[in-house]
Number of protein chains: 4
Amino acid sequence: MVIVMAPDASSADIDAVVDLVATAGGEAYVTRGVSRTIIGLVGDVRHFETLDLRALPGVSDVLRISAPYKLVSRENNAERSLVTVRGVPIGPGYTTVIAGPCAVETPEQTLQAARMAADAGASLLRGGAYKPRTSPYAFQGLGEAGLKVLSDVRDETGLPVVTEVVDAADVELVASYADMLQIGTRNMQNFALLQAAGEAGKPVLLKRGMNATIEEWLMAAEYIAQRGNLDIVLCERGIRTFEKATRNTLDISAVPVAQDLSHLPVIVDPSHSGGKRSLVLPLSRAALAVGADGVIVDVHPRPETALCDGPQALVESDLAELRDAAQTHAALLGRTLAEAPVPAAV
Amino acid sequence: MVIVMAPDASSADIDAVVDLVATAGGEAYVTRGVSRTIIGLVGDVRHFETLDLRALPGVSDVLRISAPYKLVSRENNAERSLVTVRGVPIGPGYTTVIAGPCAVETPEQTLQAARMAADAGASLLRGGAYKPRTSPYAFQGLGEAGLKVLSDVRDETGLPVVTEVVDAADVELVASYADMLQIGTRNMQNFALLQAAGEAGKPVLLKRGMNATIEEWLMAAEYIAQRGNLDIVLCERGIRTFEKATRNTLDISAVPVAQDLSHLPVIVDPSHSGGKRSLVLPLSRAALAVGADGVIVDVHPRPETALCDGPQALVESDLAELRDAAQTHAALLGRTLAEAPVPAAV
Amino acid sequence: MVIVMAPDASSADIDAVVDLVATAGGEAYVTRGVSRTIIGLVGDVRHFETLDLRALPGVSDVLRISAPYKLVSRENNAERSLVTVRGVPIGPGYTTVIAGPCAVETPEQTLQAARMAADAGASLLRGGAYKPRTSPYAFQGLGEAGLKVLSDVRDETGLPVVTEVVDAADVELVASYADMLQIGTRNMQNFALLQAAGEAGKPVLLKRGMNATIEEWLMAAEYIAQRGNLDIVLCERGIRTFEKATRNTLDISAVPVAQDLSHLPVIVDPSHSGGKRSLVLPLSRAALAVGADGVIVDVHPRPETALCDGPQALVESDLAELRDAAQTHAALLGRTLAEAPVPAAV
Amino acid sequence: MVIVMAPDASSADIDAVVDLVATAGGEAYVTRGVSRTIIGLVGDVRHFETLDLRALPGVSDVLRISAPYKLVSRENNAERSLVTVRGVPIGPGYTTVIAGPCAVETPEQTLQAARMAADAGASLLRGGAYKPRTSPYAFQGLGEAGLKVLSDVRDETGLPVVTEVVDAADVELVASYADMLQIGTRNMQNFALLQAAGEAGKPVLLKRGMNATIEEWLMAAEYIAQRGNLDIVLCERGIRTFEKATRNTLDISAVPVAQDLSHLPVIVDPSHSGGKRSLVLPLSRAALAVGADGVIVDVHPRPETALCDGPQALVESDLAELRDAAQTHAALLGRTLAEAPVPAAV
């Protein structure tokens, strides 16, 4: 159940709703949007139905949830949303390239990769300080030291930072360094993490679970939205199928399907889906042509020494081609290639 | 095992190879290419190894098969192949649109759909006279009457005809009307049908099985090639996964992967993969951008009355957009939009 | 649409129905059961609705098809069916073991394998003379020579023969040797083959397509049934999933689900699903415990030299354990272990 | 890399290893087993190779990891392990039934369900206080209040408690009430949670991810083991496939495969895989027949009012049949049906 507050509802009005819901054994999560505030109720819906919520001051509407996801649905938000990451737009009207190393290894490698990212047309820097790895014996990332490297490289290049968080307990720390929190494919249904990210006050990049239906992906986004954060960007990164010629099967159709069901921006990760450098450029073109709002790709100055996913990283000689593809497809679709807030020092 | 004949090998030389293989209990299939003849051996390879095949006149090379598919592999044919269907090219340098109704229902509907196809930039007409249907109670196609309709419409519009054959026993009949034989997803491993198509003297459009790996798809093509027919076009049409938001999951990565492994042209069917009209144009753009040699789409003058797959057919108002997309992406990639041999009478 | 004839309907009554349907442009397929005859109509159902079929003499009922499969559905046949293969029962009350070599290689190997089958508790002999292989260069079976071997071994051991047919054109020939026709996983939607098998007058073992839903499997059975043959046994043999630790994923739940939806017997192939000898016995036990009407397993006197699927064949030392498991689980479930019609000469 | 300490190694010896690893920038996790201590190293393996670990006092062996999972592999632990949950054995020689409500709703419902569990032959009580739900608007469980209910019901019935934990931050709290921690399918790769569970000092029930390969499942177990906890029970609960007739596809083959690769006990959840009450008993029989060390099933006094997964819960009239099946299959396989430590007060 969702309560839509009137534009002129006061804080006291909102508090009154929250308190009433609490008396019925529920929890009320307040989402403050630009024009109005939405309160999502969690708990047994049968208890809420006995409350006379419409009669409270400042309440504009009480919606029974028909679609399983409500706040992220396009049903009540026909216009697609634009999410801004430290000034960099992702969404309608823009084509946004995010690039960087799979993992932060050293300050030098990260800075080099960031300059490669800028050369590839990227306006945002990706890079992992916390790496969820199938094996406990694999490199797990540098942790906070990696976050500091990313922060330094942002100062040097002007590229805002997108980085993954893997545990609810780390959200506050990661959010203190990052401009956008990434939630990875294995954590798409880590609900505690989604809720913590929803309360962190930073935009969230939500990767699709490799086994998740599009509906479950939108429900995961709803977990974030319901805690008050609608600055969510969806990222299709390939699903698990019987085909083993690629690391995962990029579900290119998921882009128009998700854009039709939700108002949130949708981007594509061609690096993790294809798993091979030679597929990254063709899949990036496909993603942009199908209407994705951007792509996120791995780049690495020396993939052969990468501690993580080297075989799928683009190298120096690929960068101009990616930038050209992004510009060409942006122009074809009447979009603008998003730029970094401060010109990158390349 | 594959025997490559010298360019100047005589028919008698070829016969001598075939006879020797027969004495060892094997079968030899002769594939006459433009520049040279290849003989594929079937049977127990251990028996063939005892034969001194290299010593026979006209034999240029004897290749042990390392890749599981040999004749269709790009390993020994670095240059990608161009297949020509009654003058219409499919392959490198061209972007080819194939369009038409899912099923031939009436002469009028088929003619109208063919004119729609031409408006959409198509140079080949698709249409089913034999329809493999999950239910024995569903419309199964008009059979030979449908082939006659297609033939008449070709005369009227100039568009060569691509049509499906579902039984080895029908191959000769269908080939007498059609310009290109289509083998559907459910028959990708109907080996008797593949072999019959390999002997029919017409180009073959081989759809990927909805559960087939890319390697199995190429092995199916090898069955056709091995019977002497290398005029094969591969068609990615979606695979079966857990995701039910689309009819099938279009495996867009299969296009560059198959083009890398095989010299055969690869096209995409966005209609049967997406299963929804609204997805056909975005997926067509993705297919062309990823480097597909063409697309094959359903069009229907009145989808609401279609006997088969109406919801995925493009309608009148979509045609110009498909043609524009084909032209734009052809130009972007330095390709030419293929044209019908005789200008279609639209 | 299905027409149920009265128990005392004459041949002339049946002919009259068939003729009337033909005038409406449809085809009528007559299924003569033990107690009554059923006529399935194929063609445009809208045309049939204008006919006054109920008014014809001998017509007991005219059923609109609500379930997609009708003749094989349990809806109108609450009692599960018993299929008899040259005197050997498969279905309720019995546990039936089918065993033999994957492929017929030589008379000696086949006879030895048949004796192994009898030792394992089998009452039916399986063995392939026509092998559908992914590669055109793999051993394709001995063809008619293999059928003769199977027939000779049946004479010697008393075990009726189950063998695969892969092309509609071969059905008559195979049916002249075999006691039961097997349709393999790759041909589950080879509709011409299903229809030919439906007219061959022999029971049919229908393997589930490795990518087929249970509903599609039952629809494939309906294709056979609709041509007049209800002696169909369904065989679950594993589906294709992302998991690669086994050759296929045995869908053990499909047994009770299919038995609930259809009156046809359901058996399990643990050899092709597991793909490893060590899994055959545990999976056979699971199949019998879940309620399968039988199992079909590969045995081979010398798996290391097998021309096909050696790694999954049971060997001499496994046989007693399989027979014991079959007897134990039959007893647990109040079933009788089916026996060969003439005691096998072992 | 794994360091095996000698049986007589002292605490100081172990500390010395840990300290040396720390100087190389790594982390060392100590696993104290019954007979010897194992130290798993995390970090860049190339740094560890420069250390002379074998020369340290008390070090018996230094193993390079060849199998991706080491501590849970059967390679170095040929004998299968027995895990004990407050006196209830799970593993070789025993058949263990775990039963209870999907979610704790009220003290009365939980007590009733526990008594049903005991009637069904269960020696452990399952029940969720924290429920990971696809939708943020669905009932999320009672939290700590639910844990208290479970604890009270344990006091009343003698059944030790298995309950799910969904966030690393809750592990300590849940472990203070529960006898065994359950990690659910969506959290199988929530590595922070796995590590926290590994340090909690309670046995862990690790459900297979619905999209996880068997290898990934064992790697997830390795994350727990590596933090010092080898009391892990694996639970197969169905994987996600294209088939929609069941909630998930129970991968019955995973039981013998996992038992062959790992020394850990393996049980089956037939309730969440089948998703239907009518499938629970057949699938339980299949699980026990294939060799599973136990089953975990949902029971509910009034499934029609259940707040979670009612349709799959067994009811009163099913209990005797489950207990009989467990006893029969235990006897067949020479196992003993595990009993609750204190006779349940039913």
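The values are calculated or read from the model by the stated rules, or taken from the named source; none is laboratory data. Note that this is a predicted model, so its numbers are computed, not measured. All Cβ positions, even for glycine, are placed from backbone atoms using ideal geometry, and neighbour counts span all protein chains on display. The protein model used for the area step is the full one, side chains on, heavy atoms only, and it has no ligands, DNA or RNA in it. Shrake-Rupley method; radii C 1.70, N 1.55, O 1.52, S 1.80 Å.
When every alpha-carbon pair in the protein assembly as shown is counted, what percent end up more than 66 Å apart?
For the protein assembly as shown, the fraction of Cα-Cα distances above 66 Å is 9 percent.
What fraction of the DSSP beta bridges in chain D is antiparallel, stated in percent and rounded to the nearest 5?
Percent antiparallel among DSSP bridges in chain D is about 40.
log₁₀ I(q)/I(0) of the range B:131-190 at q = 0.27, 0.29 Å⁻¹, via Debye over equal Cα point scatterers, no solvent, to two decimals?
Rounded to two decimals, the profile gives -1.20, -1.28.
Give a residue-ordered list of calculated ³J(HN,Hα) values for the range D:136-149 (Karplus: 6.51 cos²θ - 1.76 cosθ + 1.60, θ = phi - 60°; whole Hz; x for Gly, Pro).
Going residue by residue, I get x, 9, 8, 4, 9, x, 8, x, 4, 4, x, 4, 5, 4 Hz, with x marking Gly and Pro.
By DSSP, what percent of the beta bridges with both residues in the protein assembly as shown are antiparallel, rounded to the nearest 5?
Antiparallel: roughly 40 percent of the beta bridges in the protein assembly as shown.
Dividing the alpha-carbon radius of gyration of the range B:177-261 by 2.2 N^0.38 Å (N being the number of residues), what value is obtained?
My calculation over the Cα atoms of the range B:177-261 gives 1.09.
Over all residues in C:77-87, what is the mean tally of Cβ atoms on other chains that come within 10 Å of each residue's Cβ?
Mean shielding count: 0.
If each label sits 7 angstrom from Cα along the C-beta direction, how far apart, in nm, is D:E316 from its counterparts in the other copies?
5.8, 6.7, 7.9
On average, how much area does the Cα convex hull of the range A:235-291 cover when viewed from any direction, in nm²?
Averaging across all directions leaves 3.7 nm² for the Cα convex hull.
Roughly how many debye, to the nearest 20, is the charge dipole of the protein assembly as shown about its Cα centre, given +1 on each Lys and Arg Cβ, -1 on each Asp and Glu Cβ, and no other charges?
0 debye
What value in Å³ per residue do you get for the convex hull of the alpha-carbon atoms in the range A:113-244?
Given the Cα convex hull of the range A:113-244, per-residue volume reads 124 Å³.
Using the Karplus curve 6.51 cos²θ - 1.76 cosθ + 1.60 with θ = phi - 60°, work out ³J(HN,Hα) for each residue of the range B:2-9 in order, rounded to whole Hz, and write x for Gly and Pro.
Karplus-based 3J(HN,Hα) across the range B:2-9 equals 10, 10, 9, 7, 5, x, 9, 5 Hz.
So how far, in whole Å, is the C-alpha centre of the range B:124-203 from the one of the range D:243-306?
Using only Cα atoms, the two centres lie 46 Å from each other.
Would the range A:74-126 count as rounded, prolate or oblate if I go by the C-alpha gyration tensor, calling it rounded below 1.5 in a/c and otherwise prolate when a/b exceeds b/c, oblate otherwise?
prolate
Of A:K244/A:K276; C:K131/C:K207; A:K131/A:K207; B:K131/B:K207; A:K276/B:K70, which sit over 20 Å apart, Cα to Cα?
Over 20 Å apart, Cα to Cα: A:K276/B:K70.
In A, who owns the beta-carbon nearest the axis carrying A over to D, and how many Å from it?
Spelled out as residue then distance in Å, it is A:N211, 1.
Would you pull out the residues with amide H under 5 Å of C:D298's amide H, same chain only if 5 or more places away, H placed 1.01 Å from N?
Correct list: C:S271, C:L314.
Sorted from largest down, what three extents in whole angstroms do the Cα atoms of the range D:2-63 have along their principal axes?
29, 19, 19
Report, in debye and to the nearest 20, how large the dipole of the range D:199-346 comes out about its Cα centre when Lys and Arg carry +1 and Asp and Glu carry -1 on their Cβ.
Computed about the Cα centre, the dipole is about 240 debye.
Quick one: with label points 7 Å out along Cα→Cβ, list the inter-copy distances for C:T305 in nm, shortest first?
5.6, 6.8, 7.1
If one takes the accessible area of chain A alone plus chain B alone and subtracts that of the pair, with a 1.4 Å probe, what total in Å², rounded to the nearest 100, results?
The A and B chains share an interface burying roughly 2300 Å².
Non-local amide H neighbours of C:A245 (under 5 Å, H modeled in plane, Pro and chain starts lacking H): which ones?
D:I214
By per-residue mean of other Cβ atoms within 10 Å, what is the highest-first order of B:194-207, C:324-337, B:103-116, A:139-152?
Descending packing order for the listed peptides: B:194-207, B:103-116, A:139-152, C:324-337.
Largest first, what is the accessible-area ranking of C:D167, A:D298 with a 1.4 Å probe?
C:D167, A:D298
Can you give me the Cα centroid spacing of the range C:68-89 and the range B:3-79 in angstrom?
Using only Cα atoms, the two centres lie 50 Å from each other.
Give me the net charge of D:D19's neighbourhood, meaning all other residues with Cβ under 13 Å from the Cβ of D:D19; Lys, Arg count +1, Asp, Glu -1.
Neighbour charge sum, excluding D:D19 itself: -3.
Find, to one decimal place in angstroms, the Kirkwood hydrodynamic radius of the range C:83-337, where the mean of 1/r is taken over every pair of different Cα atoms and then inverted.
About 17.6 Å for the range C:83-337.
Would you calculate a helix-derived [θ] at 222 nm for the protein assembly as shown, using -39,500 (n - 2.57) for each DSSP H run of n ≥ 4 and dividing by the full residue count, to the nearest 500?
-9500 deg cm²/dmol
Could you bin all the Cα-Cα distances of the range C:222-266 into 5 Å bins starting at 0 and give me the percent of pairs in each, rounded to whole numbers?
Pairs per bin, as whole percents: 5, 20, 22, 19, 15, 11, 6, 2, 0.
Based on the Cβ-Cβ distance from C:A320 to D:S278, what FRET efficiency comes out when R0 is 30 Å, to the nearest 0.05?
Between C:A320 and D:S278 the formula returns 0.30.
Label-to-label distances across copies for C:D15, with labels 7 Å out along Cα→Cβ, in nm, shortest first?
Sorted ascending, the copy-to-copy spacings read 5.4, 9.4, 10.3 nm.
Quick one: plug the Kirkwood hydrodynamic radius of the range A:30-148 (C-alpha pairs) into Stokes-Einstein at 10 °C, 1.306 mPa s, and report D in µm²/s.
For the chosen part, D equals 84 µm²/s.
Non-local amide H neighbours of C:G141 (under 5 Å, H modeled in plane, Pro and chain starts lacking H): which ones?
Hits under the 5 Å cutoff: C:K131.
Which ³J(HN,Hα) values in Hz, rounded to whole numbers, follow from the phi angles of the range A:178-184 under the Karplus curve 6.51 cos²θ - 1.76 cosθ + 1.60, where θ = phi - 60° and Gly and Pro get x?
8, 9, 8, 8, 9, 10, x
Once you charge only the Cβ atoms, +1 for Lys and Arg and -1 for Asp and Glu, what is the size of the charge dipole of the range C:284-346 about its Cα centre, to the nearest 20 debye?
In total the dipole reaches around 180 debye.
Using only the alpha carbons, work out the radius of gyration and Dmax of the range C:214-329 in angstrom.
For the range C:214-329, the Cα-based Rg and Dmax read 15.0, 43 Å.
Taking the dipole about the Cα centre of chain C, with the C-beta of Lys and Arg at +1 and of Asp and Glu at -1, give me whichever of C:L159, C:A22, C:V290 is farthest to the positive side.
Of the listed residues, the answer is C:V290.
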